Structures are given as structure tokens and as C-alpha cells.
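One structure is given here, and the rest of the page talks about it.
Derivation of every value follows stated rules applied to the coordinates shown; laboratory data play no part. These numbers come from a predicted model, not from an experiment. Cβ: placed from backbone, ideal geometry, glycine included. Neighbour counts: every protein chain shown.
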Amino acid sequence: MTDKFKTSITNTNSNSSLFTQEFAKIIRRYKRFCVYIKRLLEETNRSYNEINDKRVLVSEKFSEIKLSEVNREFIENLSSRPVALIICSQTYNGKARFVNELLNETLLPESPIIKNNDIVRMIRIKHHVTTGVGLNISGSFELVDTGGVQTAASWSTVPREDIIVNDEKDCRPHRIDEDNDQYETALLEIRKPLILLGNDLQILITPSNQKLHIKQIYSQITEGTTPIFVYIIDQKKLSDNDLEDLRLFRTVTTNEPILFIRIDQKNSPDNPSLNIDETPCVQIFKQLFDLGFVSLVPTESCDETSEASSTQFQSDIIDNGLSNFPLFLNYIRKHLDRLAIRAVSNLQCSQELCLDIFNDSAFEMARDMLITPKRLNYTREKEKELYESLISLTNSKQNEIQKLILEAIGEIQERLIDQACSLEISGIELTDQLTVKTTRDLKKCTNVIQDFVLERFNKAIAEKLVCSVSILHEDYVGTLTRCLSNLERNQDDDDRSTSASEALQEILQSAYQVNISVPTNSNFFKILIDKMKELFRTFSWSNCPRIDPDFKRSVASTILQNLSEAKLAKGVCAQLNDRIRMSHENFDTLLKQLEHRHSDRLKSTEDKQQRVRKEFTPKIARHLLESTSLKDLIEYGLPKLGRELGRGQYGVVYECESWANQRLCVLKSVVPPDDRHWNDLALEFHYLRRIPEHPRVVKLIGSVIDYSNRDQTPVLLVMERLKRDLHAALKHKLPFQTRIQISLDVIEGLRYLHGLGLVHRDIKLKNVLLDSFDHARLTDLGFCKPEVMMSGSLVGTPIHMAPELFTSKYDHTVDIYAFGILFWYICSNCVKLPSNFDICPSKDVLWSRVKQGVRPERLSFFTDECWEIMIKCWQPQPSRRPYLGEVQEKLEDIFSKTIPNV
Ligand SMILES: Nc1ncnc2c1ncn2[C@@H]1O[C@H](COP(=O)(O)OP(=O)(O)OP(=O)(O)O)[C@@H](O)[C@H]1O
């Protein structure tokens with residue numbers, strides 16, 4: 001704000017009109033920002049909806065990037081609602097004086113017409129082509145029937161009876177009881193042609209001496225507006241009542257700041273003794289300080305860049321307010337700026353979050369595409385190994401299994417026979433002598449004992465087998481099962497009917513689910529029955545055996561004695577073999593199905609990744625560039641263009657004396673000719689802005705889009721200013737030591753970018769800038785991208801481009817190649833093209849020669865050490881290029897040799 005309003009606006013008409021113009025300008029500027037923000041909100045939402053519709057992100061990821069309802073409402077309200085100055089004060093007369101002064105006319109009656117203890121209603125003042133007043137009762141208008149209104153066109157001061165409630169002079173008919181409350185709290189709306197207010201500004205005056213709750217006043221007065229609270233202090237100090245009101249205000253709204261304006265007290269019948277000298281500002285400041293409204297740190301000196309200060313507004317205090325309108329306007333402007341900044345910051349946060357999610361998703365998709373085929377291969381190989389081990393075990397280890405069976409019999413025989421002795425046989429009716437009644441019952445008894453013995457026996461052998469199959473070791477099975485379950489988890493939810501991991505389980509179970517069954521018609525059973533008959537014959541006392549422990553022992557031991565381990569081993573092996581083979585075939589089929597499903601899924605993942613990289617990331621980055629630029633524009637205004645410093649392919653670089661509290665900047669003005677360039681620029685800006693400051697990378701200060709130019713919309717990127725570029729420096733030659741130091745700086749910058757997962761992709765002389773100490777910084781990160789976001793596009797400057805750039809598959813080592821070429825120039829100490837490249841008549845010839853292995857020639861004065869660095873860096877196979885750390889070590893060695901021994 002300039003000094004032009006140094007005196008009170010009431011002094012002269014020209015001051016008043018300047019004030020009105022300045023106020024209107026502030027409101028217009030704010031409304032213009034609101035329009036931009038609203039447009040950005042709509043465009044961002046459209047993009048979000050598109051992302052959702054195209055299903056490029058999984059739903060839980062997508063749900064994270066929506067702009068919250070509260071934020072959306074905040075932005076929409078800002079652009080649709082008028083600004084309202086909410087005037088509060090200790091007394092009615094304080095408010096009336098301030099408002100009259102502001103409007104430069106005596107619109108509101110003051111003391112002595114209205115006394116400070118009169119009950120005054122809430123008032124809204126609006127600009128309107130015709131003059132009139134109305135009472136707003138619960139949202140509906142009722143014209144007040146007073147003489148004031150009839151002569152409204154001619155009055156300048158609103159009549160007393162319209163303003164106060166229940167004046168004894170009030171001649172209006174009394175309302176019936178239930179309406180009385182509503183009538184008393186109704187809002188008086190004053191409409192009048194008022195240039196100061198226009199369509200986007202209103203004044204709202206809080207009621208005086210009405211017993212309304214602060215919450216009610218707050219909601220009524222702020223409804224449908226963007227409020228700016230102004231509190232007029234017209235008394236010597238804040239009374240206990242005032243302090244209580246302010247405390248209550250704080251509880252109703254914790255974030256709304258208040259502009260406190262202290263005005264001198266007019267001598268009045270109410271306050272005959274007061275004058276300005278007796279109104280100590282210090283005392284009021286202390287009272288407000290104690291309430292936490294003002295602080296000792298002036299708002300101006302707060303760190304404006306911090307999140308808190310840019311979104312949380314500070315209350316302020318202006319002394320002697322009626323002659324300090326410049327300060328008042330300054331506050332209004334700042335307040336509105338901060339509202340707009342808050343709105344645009346909300347947008348910016350959601351766009352940044354969206355880009356972060358894109359980056360993470362692109363990374364996850366790339367990982368998925370890389371890992372899934374590997375997982376499938378691993379599963380196939382491991383299952384094959386498992387299958388082959390199991391089959392060879394069953395084929396070749398029949399003897400071992402036979403031994404195992406013998407061992408098992410030996411180990412469990414005694415225990416098993418003892419257990420069989422005490423086996424309960426149910427469902428059979430025995431005689432008193434414990435004999436069976438029929439041969440069928442006898443057969444049943446032997447069957448029960450047989451089943452019992454065989455079941456235990458099966459288990460014992462299975463346990464032995466499991467121990468012997470080393471391939472089933474927990475680790476092996478664990479990794480394979482985890483790998484499979486991962487593959488199955490990655491399928492679509494509705495695609496999980498058959499599972500290969502179940503088939504794998506089957507293979508594993510086949511290895512120990514042996515089943516030693518003895519069919520009834522087998523030789524074995526005949527032997528058993530014969531043995532039984534023999535046994536029965538030995539019982540002298542009866543033909544019918546007693547089903548007692550001896551009988552059970554005898555049956556159990558006969559079974560065990562008659563098991564032929566050789567036959568059993570063969571049977572077990574055949575059984576295992578069959579089962580394992582079947583399970584393996586089943587597994588194979590299921591794995592093939594799984595592979596198919598994954599290959600379809602990965603195809604769609606690749607599509608999605610392409611869309612995220614090429615379509616949506618640039619789109620959101622562009623919205624973000626607009627939000628950030630708008631925020632910078634609101635906060636710092638348009639930077640002033642100075643002398644032209646240079647021109648590149650994409651823009652013109654100018655000097656700029658200072659911007660955003662930074663001295664000595666440059667301004668790169670770029671007019672993107674089409675959407676592709678817009679997107680490239682937006683991405684450059686996004687990645688550049690996110691890089692934490694580093695001494696080897698040129699600092700980006702901010703950006704502004706110049707909307708004032710309707711034909712073109714230049715994007716102005718503001719950066720720190722350096723002395724010159726390396727191209728210019730080499731033209732004038734540099735000492736060897738300086739050149740090696742510059743090379744070290746470049747390596748440091750590159751290592752920093754690579755450490756952040758970024759690839760520069762355009763390392764060349766003009767993109768290395770030097771400060772006044774000839775220390776280098778990397779600039780022009782136009783092609784700089786995270787590796788996962790690179791879509792294989794052909795970018796860079798021809799002679800610095802690594803051959804694999806033409807294959808669309810490349811990584812950060814393209815920067816190492818480019819450094820090799822840069823280092824050739826640095827060592828040659830001039831900017832002349834290498835002869836091997838210079839003889840190429842065109843870019844295409846150059847590239848084809850580079851692909852054939854042609855590189856810059858060795859100059860006679862190159863040392864072996866330097867030449868070795870170059871040839872290693874420009875190796876055709878990226879994997880054979882050195883790590884930057886290695887290059888750094890070698891350069892440090894060379895550098896140390898340039899320092900003379902002391
Ligand atoms: N931060 C800076 N400080 C001082 N000079 C600068 C700065 N940035 C750029 N310049 C000067 O402006 C010139 C043009 O820069 P610009 O980045 O637009 O183009 P370039 O890098 O030469 O080419 P291109 O961007 O087309 O690859 C540079 O060569 C450099 O001399």
C-alpha cells in the first residue's frame with residue numbers, strides 16, 4: 001500500500017475515490033482468483049473422475065486422492081459468496097462511526113440519535129440500484145412500514161426507528177407474542193447505490209444490547225458470505241463484557257482472525273470525559289494479547305512459507321483506525337489472499353497426493369510386471385524339483401521304504417499289540433462266556449482289530465516317510481507355498497475357483513498319505529483266516545473263541561507277522577508314484593491356467609501403467625503447475641522481466657532482480673505450443689519442485705502463469721541466478737584444476753538425482769551452470785524423471801545421447817554416458833565438436849555412427865587417467881559403465897594431484 005491514503009478518507013473527495021478504487025481493485029482481484037481456483041477445482045475433479053472411470057488405480061488407492069467434501073465446499077463457497085465485512089464493536093456508535101467513515105456518508109444515525117444502551121438490531125448494508133430498507137425475518141422480507149422508507153430515495157441517514165428494537169417512539173403495531181422474538185432478532189437490510197460495495201461486498205453490523213447467543217449471531221451473520229471480522233474499539237479499554245464476548249467468539253470459531261481497529265472516542269453525552277490521549281493503546285494491546293488474539297511477533301515477519309502461517313490467519317490491530325485506511329486495505333487484501341491461498345493449497349495438496357500415488361502405483365506395477373513372471377518360473381522349477389525328487393524317491397528307494405516298514409513294525413509291534421489287547425469292540429453281542437454268536441460276528445471282530453492295527457501302522461510308516469523325504473523341509477516348502485499364494489493373491493477376486501497351491505498341497509500330502517489297505521479277497525486275508533482257524537483249533541474248550549485280550553493279541557500279532565514288508569514297500573511305492581504323478585499333472589494344468597490369467601492381467605497392468613505415466617501423471621502435473629503458480633501469483637505477484645540472458649529450445653531466460661523475497665533470480669519464460677509441451681513442462685516443474693535443495697542443483701524458487709496475456713499464456717519459472725553456463729566458461733578456457741572440480745560437482749549433482757530415483761537425461765555443457773566461484777550446479781531438468789515414470793521416449797541432445805536411448809529401454813546410466821561426452825569437452829577445454837562427430841553431415845548419420853561404436857577422438861594432451869574415465873563412461877553396454885562413485889574417486893585422485901605439495 002502506498003502513502004496516498006496517509007490522511008483520513010473523509011478529508012478530501014479525491015482520497016475517498018482513491019480508497020474506493022483501491023478497495024474495488026482488491027475485491028476484483030480476489031474474485032478473479034476465485035474464478036481461477038473454481039476452474040482448477042472443476043478440471044481436477046474431472047480428471048479424478050476420469051481416473052476412476054478408467055480404473056487405472058485400485059479402488060482403495062483411488063479413494064485416497066479425492067478432494068475432501070469440506071475442501072470442495074470451502075472452494076465453492078469462496079467463489080460463489082460475497083465478501084462481508086462483519087463490523088463488531090464495544091458500542092453501537094463505534095460501529096456506526098466506522099461504517100459511515102468507510103462509506104464516506106452518514107448512512108447510520110450516530111450519537112446522540114442513538115444512545116449506546118439502545119437495543120440495536122443486526123444490519124446488512126448492500127449495494128443496490130434503488131434505495132430501500134427491509135426487515136429480514138427468518139429469510140423472508142417484510143418491508144418496514146415507516147416514514148423513512150417512503151422517503152428512502154431522499155434520506156441519507158437511516159431513521160432511528162428502523163434501527164432500534166422496541167423504541168418507545170415506535171408506532172408500528174405490536175406483534176402477537178410468538179412473532180415477537182423473531183421480530184426483535186430480525187435483520188435490517190439497507191439497500192442503496194454504494195460504489196464502494198458493488199456486487200461482491202457487503203457490510204454486516206452485529207446487533208447491540210440484544211440478548212442473543214454469540215453462536216446464533218455468528219451463524220446468522222456469516223450465512224452465505226465470506227466473512228471478514230472487524231472489531232472497533234472506541235472505549236478506553238475493553239470492559240469485562242467485551243472480553244467475555246471475545247472469549248465466546250474464540251470458542252465459536254477458533255480460526256477466524258479479527259482486525260481490531262482502535263478509533264478515538266468522540267465526546268458525547270454518553271462519554272463526556274474521554275478523549276484520544278486518555279485511550280492507552282498499550283493497555284488494549286495487553287488485553288488482546290492475554291486473550292491470545294495478537295502476538296508480539298509482527299505478522300509481517302512470520303515465516304510466510306511455513307504451512308501454518310500461510311493457512312492460519314493472524315488477527316491484527318490498527319491504531320487510530322479512522323486515519324489509517326491504507327493499513328485497513330492492506331489487511332483486507334492479505335486476508336483475502338490468504339483465503340485464496342488456503343483454497344488453492346487444498347487443491348495443491350490433493351494433486352500432490354495424487355501424483356505421489358501415481359508414482360507409487362507405477363512403481364508397484366513395474367515391480368509386478370518384473371516379479372510375476374519370475375515367481376511363475378520359480379514355482380514351476382521348484383515344483384518340478386519337488387516332483388522329480390519324490391518320484392525318484394519312490395522309484396529308487398523301494399529297499400529303503402522296505403527297511404522303513406520293517407523298522408516301523410519293530411518299533412511299534414509291542415505297543416500296538418498291547419493297545420489291541422485293550423481295544424473295545426462295539427456293536428457285537430457276546431455270550432456270557434464272551435464268545436461270539438455267529439461266524440459273521442467273529443469276522444467283524446477280526447476286521448475291527450485289523451483296521452485298528454493297519455491304521456496305526458499307516459501312521460507310523462507315514463511319519464517315517466516324511467522324516468526321510470528331506471526335500472519336504474519346511475524352508476523349501478515354505479518359500480514355494482508363499483510364492484504360490486502371492487501369485488494367487490494377485491489374481492482378480494472372482495478368478496480363484498481352482499488353486500495351484502491346493503494342488504501343491506496334494507503333491508506334498510501324497511508323500512506321506514500312504515495307505516496300507518488289505519483287500520478281503522487278497523492272499524493275505526486267506527492266510528489270516530487260515531491262521532485264525534488254526535488258532536481256534538488250539539483252543540481245547542470250545543470251537544468258538546472268547547473275544548478277550550488273548551484273542552485280540554493273537555489277531556493283532558498274526559496281522560503284523562503276516563505283513564510282507566517287500567510287498568508292502570512295492571505297494572506303497574506304486575501308490576505314491578500314482579498319486580504324485582496325478583497331483584503333478586493337476587498342478588501343471590492349474591499353473592498353466594494361473595500363467596494365462598497372469599499374462600492377461602499383466603497386459604492390462606502394462607496398459608494401466610502407460611496410462612498413468614503418459615496420460616494421467618502429466619494431466620495432474622499440469623493441474624498442479626497451475627495451482628502452484630496461482631498460489632505463487634497470489635502471494636508474490638508477477639515477477640518483473642529484466643535483461644535477456646539466453647534462449648533455449650523451449651524458452652527465453654531473463655534476469656529478474658528479486659521475487660518471492662529472493663534477490664538475483666532468473667526467469668525462464670516458456671510458452672508451451674501444445675498439450676505435449678505443457679505436460680512436459682508440468683512434469684519438469686513437479687519433479688524439480690520436489691527435489692530438496694542441494695548445492696549441486698539449481699534452486700527453483702517458484703512459478704507463475706501469466707494469464708494477463710490472452711493470446712499466449714507464458715509459464716514463468718523463477719530460479720536462482722548463476723554467473724554463466726559451462727559452455728560460455730569453456731569458450732574463455734578454464735584452469736585444469738577448476739575443470740576437474742566442475743566435473744566433481746557434476747558427478748555430485750548426478751549422484752544426488754540418481755539417489756532420489758531421478759534420471760536427468762539432458763546432461764550437456766549448457767545445462768551446467770557455474771557460480772562466481774566456478775562451482776557447478778545442474779539445471780534444466782526438463783527431461784528429468786523418476787526411472788519408473790520413464791516411458792522410453794527419445795530425449796536429450798544428440799551428441800550426448802547414449803545408443804540405448806534408441807531402443808526405448810534405458811536407465812540412469814544414460815547420464816553416465818552423457819557425462820563421458822561432457823568430460824571430453826571439459827578435458828579439451830573448448831566447445832569445439834569432436835572431429836569424429838563434426839564430420840557427420842546429419843543427426844541421423846551421427847546416431848548411426850554412435851550405434852556402430854564411434855566416440856569422440858582422443859586429443860593429444862589427454863592424460864591416461866582422464867581418457868580412461870571417458871571411455872568407461874561411454875561404453876556401449878550400460879552395465880559396463882562405471883558407478884558414479886567410482887568416477888568420483890578417480891576424479892578426486894586427479895584433483896589431489898593438481899594441488900601442489902606444501
Ligand atoms: N539460473 C540461471 N542463471 C544464469 N543463467 C541462466 C540460468 N538458466 C539459464 N541461464 C542461461 O540461459 C540460457 C538458456 O537457458 P535454457 O535452459 O532455456 O536453454 P538451454 O539449456 O541452453 O537449451 P534447452 O533448454 O533448449 O536445452 C542458458 O544457456 C544459460 O546461459
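Which whole-Hz couplings ³J(HN,Hα) result when phi for each residue of segment 742-751 is put into the Karplus expression 6.51 cos²θ - 1.76 cosθ + 1.60, θ = phi - 60°, listed in order with x for Gly and Pro?
Per residue, the Karplus-derived 3J(HN,Hα) values read 4, 4, 4, 4, 4, 4, 4, x, 5, 4 Hz.
So between Leu291 and Leu353, what do we pick up on full extension, going 0.36 nm a residue minus the alpha carbon distance?
18.6 nm
Quote to one decimal, in nm, the extra length available between Val854 and Asp607 on full extension: 0.36 nm per residue of separation minus the C-alpha distance between them.
Length difference between fully extended and current span is 85.2 nm.
Using 1/(1 + (r/R0)^6) with R0 = 51 angstrom and r between the beta carbons of Gln737 and Leu370, what's the FRET efficiency to the nearest 0.05?
Calculated value: 0.70.
Tell me the label-point distance for the pair Asp240, Asn255, using the 7 Å Cα-to-Cβ offset, in nm and rounded to one decimal.
3.5 nm
Once you have the Cα-Cα distance between Leu430 and His694, take 0.36 nm times their residue separation minus that, and quote the gain in nm to one decimal.
Taking 0.36 nm per residue and subtracting the Cα distance, the gain is 85.4 nm.
Normalised radius of gyration for segment 638-721, please: alpha carbon Rg relative to 2.2 N^0.38 Å, two decimal places.
Its radius of gyration relative to the 2.2 N^0.38 Å reference: 1.06.
Here are some pairs, Lys403/Lys567; Lys334/Lys631; Lys384/Lys464; which of them have Cα atoms lying more than 21 Å apart in this structure?
Pairs exceeding 21 Å: Lys384/Lys464.
Which of the peptides 118-130, 687-699 is most tightly packed, and how do the rest follow, judged by the mean count of other Cβ atoms within 10 Å per residue?
In decreasing order of mean packing, 118-130, 687-699 become 118-130, 687-699.
Using Cα centres only, tell me the gap between segment 653-686 and segment 84-116 in whole Å.
49 Å
Please go through the residue pairs Lys608/Lys699; Lys25/Lys211; Lys38/Lys640; Lys38/Lys766; Lys640/Lys699; Lys38/Lys668 and name each one whose alpha carbons sit more than 29 Å apart in this structure.
Lys608/Lys699; Lys25/Lys211; Lys38/Lys766
Using alpha carbon centroids, what distance separates segment 20-57 and segment 409-423, in Å?
So the two Cα centres are separated by 86 Å.
Work out the FRET efficiency for Val652 and His128 from their Cβ-Cβ distance, taking R0 = 45 Å, and round it to the nearest 0.05.
After rounding to 0.05, the efficiency reads 0.35.
So if I restrict to the alpha-carbon atoms in segment 723-902, what is the Rg, and what is Dmax, the biggest pairwise distance, in Å?
When restricted to Cα atoms, segment 723-902 yields Rg and Dmax of 15.5, 53 Å.
Which distance in Å, rounded to a whole number, links the C-alpha centroids of segment 188-207 and segment 590-652?
Computed from Cα coordinates, the inter-centre distance equals 46 Å.
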